[in-house]
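Each remark here refers to the structure printed beneath this line.
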Amino acid sequence: MDQESTQRVHALVVRINHWINALAILIMVVSGWRIYNASPLFGFTFPSDWTLGGWLAGAIQWHFAAMWLLVLNGLVYLGYGILSGHFRRKLLPFSPVAALRDVGTALRGKLAHEDLAVYNAAQRAAYLGVIALAVVLVLSGLVIWKPVQFHALGQLMGDYEGARYVHFFAMASVVMFVIVHVAMVALVPRTLVSMFTGRAPRPASAKGA
Ligand code: HEM
């Protein structure tokens with residue numbers, strides 16, 4: 001396909017950030033489940049086969065290693081998103097009413113996603129939400145890691161014990177996001193191609209413009 005009939009939909013930095021983030025989140029979640037199993041908050045544990053690290057100390061090492069990847073990569077993404085105008089162009093303005101309407105349309109199987117350069121309101125809500133969740137995960141993780149040094153932050157979350165619950169529910173919400181996100185990508189597979197190549201067909205309505 002030539003340059004004329006395609007358009008750039010994802011900047012290289014966003015694509016690199018996205019895939020590093022997906023890997024880091026995967027490692028964080030499955031090593032986190034092993035850490036959880038050593039001291040469960042609820043009456044269940046995660047199946048060992050779904051966890052990473054082999055034992056508590058091994059899982060903590062994976063968790064901390066991927067934590068640096070997640071945080072450094074996340075800072076580049078946030079910095080780029082704010083300074084380049086990427087967030088303003090692609091995720092804003094955000095309207096909760098439009099997001100609910102788009103979710104309803106999507107559930108009826110009628111949400112068009114012809115122009116991959118533009119996120120619909122449901123996508124904007126999901127992406128802004130998961131970015132906020134990642135920030136909550138990192139902040140609550142800091143409180144669990146260093147409760148004394150991050151005492152003031154901990155007080156906002158009910159101290160060490162509260163931070164564990166905040167961390168758990170933020171993780172569960174991110175996992176829910178990923179399940180829905182990957183299901184949506186499976187429904188519109190050309191979005192996956194564009195997250196690698198950065199380009200997608202120009203919509204018919206924009207051709208010749
Ligand atoms: C294997 C897993 C994943 C796949 C296949 C995948 C695929 C995609 C695709 C295809 C898009 C572009 C959607 C479009 O153009 O309509 C996208 C965007 C996005 N994904 Fe994922 N994703 C995965 C994991 C994740 C994870 C784990 C997160 C965060 C926890 C995430 C967060 C995002 C965000 C925030 C965007 C918007 C990026 C931007 O434009 O700034 N994804 N993903």
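The values are calculated or read from the model by the stated rules, or taken from the named source; none is laboratory data. Just so you know, these numbers come straight off a predicted model, no measurement behind them. Quick reminder, even Gly has a Cβ in these numbers, built from the backbone with ideal geometry, and neighbours come from all protein chains shown.
Yes or no: ALA117 at negative phi and at pLDDT below 95?
Working: at negative phi: yes; at pLDDT below 95: yes.
So ALA117 passes the test.
Note on the range 140-197: residues that are farther than 21 Å from TRP68 by Cβ, within 16 Å of the ligand (Cβ to nearest atom), among the small types (Gly, Ala, Ser) and touching a helix residue (DSSP H, G or I) at 6+ places or on another chain (Cβ under 6 Å) amount to 1. Only one entry in THR197, THR105 is at pLDDT 95 or above, hydroxyl-bearing (Ser, Thr, Tyr), farther than 30 Å from HIS63 by Cβ and over 18 Å from the mean Cα position of the chain (by Cα), namely THR197.
Considering only the range 65-75, I want to know if a residue exists there that is at pLDDT 95 or above and closer than 30 Å to PRO203 by Cα.
no
Quick check on the range 139-159. Is at least one of its residues surrounded by 15 or more Cβ atoms within 10 Å (Cβ to Cβ), among the aromatic types (Phe, Trp, Tyr) and more than 12 Å from the chain's Cα centre (by Cα)?
Taking the range 139-159 and keeping what is surrounded by 15 or more Cβ atoms within 10 Å (Cβ to Cβ), we get 139-144, 147, 150, 153-154, 157.
Filter once more, keeping what is among the aromatic types (Phe, Trp, Tyr): 150.
Keeping just the survivors that are more than 12 Å from the chain's Cα centre (by Cα) gives 150.
Yes, the range 139-159 contains a residue that is surrounded by 15 or more Cβ atoms within 10 Å (Cβ to Cβ), among the aromatic types (Phe, Trp, Tyr) and more than 12 Å from the chain's Cα centre (by Cα).
Can you confirm whether LEU187 is surrounded by fewer than 16 Cβ atoms within 10 Å (Cβ to Cβ), under 20 Å from the mean Cα position of the chain (by Cα) and of a type in the set (A, V, I, L, M, F, W, C)? Criteria met by LEU187. Quick one: is LEU111 touching a Ser or Thr at 6+ places or on another chain (Cβ under 9 Å), crowded, with 17+ Cβ neighbours inside 10 Å and free of Cβ contacts under 8 Å to residues at least 12 places away in the same chain? For LEU111, the condition - touching a Ser or Thr at 6+ places or on another chain (Cβ under 9 Å), crowded, with 17+ Cβ neighbours inside 10 Å and free of Cβ contacts under 8 Å to residues at least 12 places away in the same chain - is met. Filtering the range 1-19 to residues that are within 16 Å of the ligand (Cβ to nearest atom) and either touching a Pro at 6+ places or on another chain (Cβ under 9 Å) or assigned to a loop (DSSP other than H, G, I, E, B) (or both) leaves THR6, GLN7, VAL9, HIS10, ALA11. Just to be sure before I move on: is LEU142 out of contact with any Lys or Arg (no Cβ under 8 Å at 6 or more places or on another chain), more than 20 Å from MET28 (Cα to Cα), in a helix (DSSP H, G or I) and not acidic (Asp, Glu) in the structure I sent? Considered against the rule, which asks whether it is out of contact with any Lys or Arg (no Cβ under 8 Å at 6 or more places or on another chain), more than 20 Å from MET28 (Cα to Cα), in a helix (DSSP H, G or I) and not acidic (Asp, Glu), LEU142 comes out as no. Condition check: under 30 Å from ARG199 (Cβ atoms) and in contact (Cβ under 8 Å) with a residue 60 or more places away in the chain. Does VAL103 satisfy that? Here the answer is no, as VAL103 does not meet what is asked. Suppose the filter is among the aromatic types (Phe, Trp, Tyr) and within 21 Å of LEU92 (Cβ to Cβ); does TYR119 pass it? Against the criterion (among the aromatic types (Phe, Trp, Tyr) and within 21 Å of LEU92 (Cβ to Cβ)), TYR119 qualifies. From the list VAL130, VAL138, which one is out of contact with any Gly (no Cβ under 8 Å at 6 or more places or on another chain) and modelled with pLDDT of 95 or more? Exactly one residue qualifies, and that residue is VAL130.
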